[in-house]
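Enquirer: First the structure, which I've put down as structure tokens, then a few questions once you've had a look.
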Amino acid sequence: MQLLLQFRTRRMQLLLILKQMLASCTGGAGMSFWQKTKKTLRSFMKGRYGSDSLNRTLIWIGFLFYLPGMLLSLNALLLPGLAAYCLCIYRMLSRSHTKRDAENRKYLAWINHRSKHWNQAKARFCNRKVFTYFRCPGCRAWLKLPRGTGVVTVTCGRCQNSFTQKG
Ligand SMILES: [Zn+2]
């Protein structure tokens, strides 16, 4: 009988501890678990850089490398994926805003440059039947002449170099 009573009190104690643990998880003082997590996260992220375009791209790069790397168990893909994630986390938690801003600006400038080149190449391909495209021998700028113009002297608008070209 005494043993049974002891067992019951033990069980009650355990339940009480569990209840207390749950209460501490859910905040106790009117704050839900998610509210508490949010508050903790916000105070942790205070003064840190956070996310930007470069970080979002890094997340995508990490995902594109890591997922096939995991599926094929290839270290050659896993490592660059992990490196991209590590770099992303480092940038997010960094307190040096000016440095991270400069990196992001550089990245955006590079993207703009690439997209400009890509759009120009697309336009050259679409208009290839209307214009003859060629590069200036002096500055490598792209120039165009209407097709069927014949041999003409062309002056480059960028470097003023004159040369003959068949249109
Ligand atoms: Zn030129």
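Please treat every number below as a calculation from the coordinates, not as lab data. Just so we're clear, the structure is a prediction, and the values are computed from it rather than from any experiment. Heads up, the Cβs are rebuilt from the backbone with ideal geometry, glycines too, and the neighbour counts pull from every protein chain shown.
Enquirer: When you go through Asn119, Asn127 one by one, which is the residue that is surrounded by 11 or more Cβ atoms within 10 Å (Cβ to Cβ) and over 22 Å from Thr153 (Cβ atoms)? Talk me through it step by step, then tell me what you get.
Expert: Values: Asn119 fails: surrounded by 11 or more Cβ atoms within 10 Å (Cβ to Cβ).
From the options Asn119, Asn127, the qualifying one is Asn127.
Enquirer: Hey, another quick one. Select from the stretch 91-116 the residues that are surrounded by 10 or more Cβ atoms within 10 Å (Cβ to Cβ) and among the polar types (S, T, N, Q) and list them in ascending order. First the steps, then the outcome.
Expert: Residues of the stretch 91-116 that are surrounded by 10 or more Cβ atoms within 10 Å (Cβ to Cβ), as a first pass: 91-97, 99-116.
The answer is Ser94, Ser96, Asn104, Asn112, Ser115.
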